[in-house]
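Structure, as structure tokens:
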Amino acid sequence: MELVKIIITDSLEYIELIKNRFSLEKKQNLNNTDLYEWIRNTEEWTEKIVLLKTWIQTSDISDTMDYVFDNYIVNKIINIWLSNSLNNIDLKSGDIVIPNAFIDSELDSDALFLDNSVWNNYDLNNFWLILNWICLSKADLFNNYEKNIDFTLNNWIDIYDNVAFSILSKANEKSMLENCLVIKWVIDHTDSYEKDTIINNSLNILELIL
């Protein structure tokens, strides 16, 4: 098995852009999920990049992560896609957030923390990049915002998504949490032009991290 970096998204739009940006080739279909690979050669090393899509259901994420750990020696796991802000006045639509604390809305599990939010030095202003913050994950939260508002305010939640906590939980089971990174861009009714700009900006950050 090869040492690899795993990119996980729950967006077909991101799949297409990442696939084209890095010239990834489709290898197989995993539980209705396309899996792409790319061998990157540098002067110092050779590594494999694996891109796959997971659905928002916890069972699908679990199956995807089990496949990853069964078939690869994982060096890094990156989850990239959108999030929503919870009325945090310091966040605006289009911001790219790298959160470092993650909880689920039922508090069935302990909070998860990423010590190493980034592995390099970045010009934060150049990429609209904001480090840290707290991310809440729950599959149906996007449809139940009003029901969850008291919970999010009481727990100082900054952004919410639907997959990050489940991905990190599986990584934590394998003692791989320190190898994980989550990239989220804040969306709030952006128009198509802004959306394309934001997505490409987050891909620039992804390229730097890789």
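List of remarks:
- Scope region 101-119; condition modelled with pLDDT under 85 and under 17 Å from Ile183 (Cβ atoms); matching residues: Asp115, Asn116, Ser117, Val118, Trp119
- Criterion applied to Asp90, Asp70 was being over 21 Å from Glu207 (Cα atoms), more than 18 Å from the chain's Cα centre (by Cα), at pLDDT 85 or above and acidic (Asp, Glu), and the one residue passing it is Asp70.
- Search result, residues across region 9-55 that are buried (at least 18 other Cβ atoms within 10 Å of the Cβ), modelled with pLDDT under 85 and assigned to a loop (DSSP other than H, G, I, E, B): Asp10, Thr54
The values are calculated or read from the model by the stated rules, or taken from the named source; none is laboratory data. Only a predicted model underlies this, so the values are computations on that prediction, with no experimental measurement involved. Don't worry about glycine lacking a Cβ; one is built from the backbone with ideal geometry, like all the others, and counts go over all protein chains shown.
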